[in-house]
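Peer 1: Handing you a structure now.
The values are calculated or read from the model by the stated rules, or taken from the named source; none is laboratory data. Predicted model, so just to flag it, every value in this text is computed and none were measured. Cβ placement follows ideal geometry from the backbone for every residue including glycine, while neighbour counts extend to all protein chains displayed.
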Amino acid sequence: MNIVILLLLIAGIAVSLVFGKADGVLSALQSGAASAVENILRLSGAYLLWMGLLNIAEKAGLIGALSHLLSPVLNLLFPNAKEAREAISMNLAANMLGMGNAATPYGLEAMRLMEQSNPRGGVATNEMCVLLVVNASCLELFPATLVGIRSGFGSAAPSAVVLPTLLSSLCSTVVAVVLCLLFTRPCSSRS
């Protein structure tokens, strides 16, 4: 991917030189870099707020309560991943709050814990595949990052995306889970 981006950049510079627009390339590169830094700063506040709340929820035992509340679903989706249950719960909670980047460390931790008890090391278990699919479909109750982006760019209604995001992510997650259950259960009964 780095090579593709480099080739696109070189092609853009070459075309701008051919058409005498080299000054525009330099100003576009500088304004793009400045815009990237501004976007990072805009998102940092919202991101830090939600990460802090997630950390407080974990320390207060709310994640354990969430894990207990979700236990019927977690038992269905991850029957052999008892040791990774808390990391999976944290991963799902972060995803539900629309903080994909915050969910990543918990997802990696859950995968590491599931790999420790994997009898076929290096080969993904059904539970690992289900976690990957659930993360990709990503049920979002509140898309905090998206609302933060819209708010940072001055949207008149930054939270207008909450209901459409909830409905679309609910549909994708239900379809993903149903497909996982259809495709993983026969495999687990054979092994």
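Peer 1: Quick one: which residue in R120, R150 is charged (D, E, K, R) and either at pLDDT 90 or above or out of contact with any helix residue (DSSP H, G or I) (no Cβ under 8 Å at 6 or more places or on another chain) (or both)?
Peer 2: Residue meeting the stated conditions: R120.
Peer 1: Given S169, S137, S151, S159, which one is surrounded by fewer than 17 Cβ atoms within 10 Å (Cβ to Cβ) and either free of Cβ contacts under 8 Å to residues at least 40 places away in the same chain or within 29 Å of F78 (Cβ to Cβ) (or both)?
Peer 2: Of S169, S137, S151, S159, the one residue that is surrounded by fewer than 17 Cβ atoms within 10 Å (Cβ to Cβ) and either free of Cβ contacts under 8 Å to residues at least 40 places away in the same chain or within 29 Å of F78 (Cβ to Cβ) (or both) is S159.
Peer 1: Just to be sure I understand, how many residues within the range 111-150 are more than 20 Å from the chain's Cα centre (by Cα) and of a type in the set (G, A, S)?
Peer 2: Residues meeting the conditions: 3.
Peer 1: Check whether at least one residue in the range 116-127 is more than 18 Å from V73 (Cβ to Cβ), assigned to a helix (DSSP H, G or I) and out of contact with any strand residue (DSSP E or B) (no Cβ under 8 Å at 6 or more places or on another chain), and report yes or no.
Peer 2: Looking for residues that are more than 18 Å from V73 (Cβ to Cβ), assigned to a helix (DSSP H, G or I) and out of contact with any strand residue (DSSP E or B) (no Cβ under 8 Å at 6 or more places or on another chain), one finds at least one in the range 116-127, hence yes.
Peer 1: Please name all residue pairs, on different chains or six or more residues apart, with Cβ atoms under 6 Å, provided the first residue is in the range 87-109 and is buried (at least 24 other Cβ atoms within 10 Å of the Cβ) and the second residue is of a type in the set (D, E).
Peer 2: Note: pairs meeting the criteria are G98/E140.
Peer 1: Consider only pairs whose beta carbons are under 9 Å apart and that are at least six residues apart or on different chains; among these, list those whose first residue lies in the range 178-191 and is closer than 14 Å to L131 by Cβ and whose second residue is at pLDDT 50 or above and among the charged types (D, E, K, R).
Peer 2: T184/E127
Peer 1: Within the range 166-191, restricting attention to residues that are of a type in the set (G, A, S) and in a helix (DSSP H, G or I), which residue is modelled with the lowest pLDDT?
Peer 2: Per the stated criteria, the residue is S189.
Peer 1: When you go through (1) without any contact (Cβ under 8 Å) to a residue 12 or more places away in the chain; (2) surrounded by 13 or more Cβ atoms within 10 Å (Cβ to Cβ) one by one for L54, which number turns out not to apply?
Peer 2: All conditions are met except number (1).
Peer 1: Give the range 80-102 a look and list any residue that's closer than 26 Å to R120 by Cα and small (G, A, S), or say none.
Peer 2: Of everything in the range 80-102, those that are closer than 26 Å to R120 by Cα and small (G, A, S) turn out to be A81, A84, A87, S89.
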